[in-house]
Amino acid sequence: MRRVVITGAGTVNPLSQSVADTIAGLIAGRTAIRTLDLPDADRLTVGIGAPVTDFDPARHFPPRDLALLDRATQFALQSARQAVASSGLTAMPPGAGVIVGTAGGGHETAEAAYRAVFAEGRERVHPFTVPRLMMNAPASRIGIEFGCKGPTFAVSSACASANHAIGLAFQMIRSGAAPAMLAGGADAMLTFGGLKAWEGLRVLSPDGCRPFDRMRNGLVMGEGAAIYLLEEREAALARGAPVLAEVAGFSMGADAEDMVLPSAAGAERAMRGALADAGLAPGEVGYVKAHGTGTRANDRAEAEAIRATFPGGVAVSSTKGAHGHLMGAAGAVELLACLAALRGEGIAPTVGLADPDPDCALDLVQRAPRTAEVSACLANAFAFGGLNAVLALRRA
Amino acid sequence: MTADIAAQVTAILAREALLDATEVRADLPASDLGLDSLGLVEAIFAIEERFGITVPFNANRPEATAFGTATVGEIIAEVEALVRARG
């Protein structure tokens, strides 16, 4: 069976617009959560989030191109450019494809169009509203830029979208369906309407993201993207590619129980499935990058699932306190913490965690990064709708 | 006015819980309404829309308002207080 490696990475997220600086921020325990400066912010009950700041689209895209790019696609495309550049690849191999996960697609575009015709009484929306807002815009636009004529589509599984995208890309290369894939996630739902929608569900924290903490009171929304270049291992080694990690296994499944409440059993099945797919024993795994949203329900169920999967214990952290919940991009940006751990840069601490909840008893990395030899790790992503997707990575 | 609020809150809770309004007594604990987490959020939404108030309910801290743990009577009292505060 073909083996699959990650040879390039790129990101635009609330912490930074580079991989190296994002990893430095994760390890240092920085947080990008702040008071939001949005029009009509006084009409929101929750006024915090993790926005991407200092992102100047005009610096990255010419005006004619920009008219076709929703903010989420801008993040995705800029991330893909970084990923390809860092891989040293000058052209994508024939048959390469693109899979990008997104929960909201061109959410900002849709919101602006509806505001124009409903609230402002205008008679028309921007002519490119459809190609901007469609879910597959990020994948298609990346494929156009890099000439990827292989399997290219969007995956939408809410907060597990990026893990599904990367996992499917891994399976395609492993099965021989494609020689290389660009894969990851992108979302930009940090808008007035996006926040209103989440506010309605009453799971947002008004004052901060505190994964696994006794005082946790909800998630904090973020935005951004991360894209990776995945290649067949022999081809990557033959061209002397910089190998960041090996994607060793993937498992996905569904709780088939509840639209919003998570199931510990479903999370456990996905983690065990990823271990089995990778041929890893629990004892070989040195780190679990948790989904860790800071909601009461997720963190309790996830902790139970991790304890059941790793009876011998394992180091765990969540990075959502650093960059917020990036929705469909969450698993992609958070995978950087796994790359850092596997490359000996340390295990990122759980920003926001001060007083671990006894309900979430785990070996939580908190306050400071942990130095540890990590030769394999898991990356969890669990979504509303009861969808679970777990990646297993090995040190290259 | 107060009797009216009580009747309307009771009717909304009964509708969301698929109960007859006569079953939604003031001493009934909210947890016995049989509402799941989404049903509770929908009931609060309906009450907010009806009275033009904002109920500070967070699903991660349900005990912080009457909707989390108290009785139907205490929920009604909380809504009445929010309506008074609204002015």
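The values are calculated or read from the model by the stated rules, or taken from the named source; none is laboratory data. What you see is a predicted model, and the numbers here were worked out from it, not measured in a lab. Cβ sites come from the backbone with ideal geometry, for glycine too, and all protein chains shown count toward neighbours. Just the protein is used for accessible areas: all its heavy atoms, side chains included, with ligands, DNA and RNA removed. Shrake-Rupley method; radii C 1.70, N 1.55, O 1.52, S 1.80 Å.
Annotations for the structure displayed:
- GNM remark for chain A: springs join alpha carbons under 10 Å apart, and the peak mean-square fluctuation among A:Arg71, A:Arg214, A:Arg233 falls on A:Arg214.
- Computed over the stretch A:303-368, the alpha-carbon pair-distance distribution with 5 angstrom bins reads 3, 16, 23, 25, 23, 8, 0, each value a whole percent.
- Taking the C-alpha atoms of the stretch A:240-308, convex hull volume expressed per residue in Å³: 119
- Cβ-placed point charges (K, R +1; D, E -1), dipole of chain A about Cα centre in debye, nearest 20: 600
- Where only alpha carbons of the stretch A:205-284 are counted, the Rg and the Dmax (Å): 18.1, 51
- Ratio Rg/Rh, restricted to the stretch A:110-180 and using Cα atoms, in which Rh is the Kirkwood radius: 1.15
- Remark: the stretch A:183-310 carries a charge dipole of roughly 380 debye about the Cα centre, counting +1 on each Lys and Arg Cβ and -1 on each Asp and Glu Cβ.
- Computed about its Cα centre, the charge dipole of the stretch A:4-238 is approximately 240 debye, with only Lys, Arg, Asp and Glu carrying charge at their Cβ.
- In the protein assembly as shown, Rg over Rh equals 1.00, where Rg is the alpha-carbon radius of gyration and Rh the Kirkwood radius from pairwise Cα distances.
- Solvent-accessible surface ranking, highest first, for A:Ile6, A:Ile144, A:Ile48 at 1.4 angstrom: A:Ile144, A:Ile48, A:Ile6
- Its Cα gyration tensor gives the stretch A:1-150 an equivalent ellipsoid. The semi-axes, each the square root of 5 times an eigenvalue, are 30, 23, 13 Å from largest down.
- Reach of A:Lys196 by Cα under 26 Å, taken over lysines that are not fewer than 8 positions away in the same chain: A:Lys320
- Springs join every pair of Cα atoms under 10 Å in this Gaussian network model of chain A, and among A:Ala225, A:Ala91, A:Ala186 the largest mean-square fluctuation is at A:Ala91.
- Radius of gyration and Dmax over the Cα atoms of the stretch B:2-86, both given in Å: 11.4, 31
- Measuring max minus min along each principal axis, the C-alpha atoms of the stretch A:246-396 give extents of 39, 35, 29 Å (largest first).
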